[in-house]
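Report on one structure; see the data block that follows.
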Amino acid sequence: MSETFKLVAELRAKAGKGASRAIRREGRVPAVIYGAGEAATTIHVEEKILMRQLHTGHFMNAIVELELDGATIRTLPRDVAFHPVTDRPIHVDFLRLTGNEVVTVTVPVHFVDQELSAIKTGAMLNIVAHELKLDCAPDVIPDDVTISLAGLQVGATIHIADVKLPAGVKPHGRETGLTIATIVAPKAMKSEEGEAAATA
């Protein structure tokens with residue numbers, strides 16, 4: 001399950017590009033909290049702490065508790081805009097969470113046990129989907145989806161239906177029929193097979 005981050009937020013008195021630039025000069029990042037049928041709330045957060053959380057690699061799949069005016073608001077990051085030159089964050093969108101409602105997240109796929117598959121003898125792993133779009137409650141968002149390749153031989157196909165997802169986690173929409181990866185023969189083997197077929 002993904003971890004929970006905490007950020008201290010302050011209300012933004014003014015909106016607009018000029019006000020946002022002034023906030024960034026103070027080491028803060030403009031942001032907005034929206035959703036749950038409430039009006040959008042414009043805020044700003046400390047850039048250093050935000051950067052630290054972004055560098056964990058799973059900020060976008062983590063619950064972020066924003067402390068604002070003595071209240072704690074549970075949110076899910078939905079978008080982070082970065083400066084095209086400096087790569088510094090310049091704006092963040094947070095989705096307000098009101099309970100354990102189902103949300104859609106995108107999590108990375110990790111493959112293990114390559115040494116127990118045909119890859120050990122030269123086959124190649126052809127990854128079709130590096131990430132999976134999943135539906136789940138915020139409290140059970142996985143950091144990633146780990147797939148074992150143990151026992152898979154050349155020609156094997158891994159579909160999302162073959163993957164055991166954590167309890168309460170389901171593929172999003174049409175992703176139910178998604179092909180995640182295939183095990184394919186090495187190029188050398190393919191070329192030898194092609195030559196053999198040509199001379200037969």
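The values are calculated or read from the model by the stated rules, or taken from the named source; none is laboratory data. Here the structure is a predicted model, which is why all the values come from computation and not from measurement. All Cβ positions, glycine included, derive from the backbone under ideal geometry; neighbour counts span all protein chains shown. Only protein heavy atoms, including side chains, enter the accessible area calculation; ligands, DNA and RNA are left aside. Shrake-Rupley method; radii C 1.70, N 1.55, O 1.52, S 1.80 Å.
General remarks:
- At R0 = 22 Å, FRET efficiency that the Cβ-Cβ distance of residue 176 and residue 148 yields, to 0.05: 0.60
- Net length gained if the chain between residue 8 and residue 88 were fully extended (0.36 nm per residue, minus Cα distance): 26.9 nm
- Counting only residues at least eight positions apart within a chain, or on another chain, the aspartates and glutamates with an alpha carbon under 20 Å from that of residue 48 are 3, 10, 26, 65, 67, 79, 87, 93.
- Per-atom-type breakdown for the chain gives carbon and sulfur 53% of the accessible area (1.4 Å probe, protein chains only).
- Solvent-accessible area per residue in the stretch 47-104 equals 52 Å², computed with a 1.4 angstrom probe and all protein chains kept.
- For the stretch 19-163, the relative contact order works out to 20 percent when only alpha carbon pairs closer than 8 Å and six or more residues apart are counted.
- The modelled label-to-label distance for the pair residue 36/residue 98, using points 7 Å beyond Cα in the direction of Cβ, is 0.9 nm.
- The slack in the chain from residue 52 to residue 81, taken as 0.36 nm per residue of separation less the alpha-carbon distance, amounts to 8.9 nm.
- If you model the stretch 29-134 as an ellipsoid using its alpha carbon gyration tensor, with each semi-axis the square root of five times an eigenvalue, the axes come out at 35, 18, 12 Å, biggest first.
- With the convex hull of the Cα atoms taken as the outline of the chain, the averaged projected area works out to 15.6 nm².
- Options 145, 122, 50, ranked by Cα towards positive dipole end of the chain, top entry (Cβ charges): 50
- Total lysine pairs whose alpha carbons fall under 29 Å of each other in the stretch 70-200 (8 or more apart, or interchain): 5
- The order of the peptides 33-40, 83-90 by mean Cβ neighbours within 10 Å, most packed first, is 33-40, 83-90.
- Backbone N under 18 Å from the residue 115 label point (7 Å along Cα→Cβ), restricted to the stretch 136-152: 147-152
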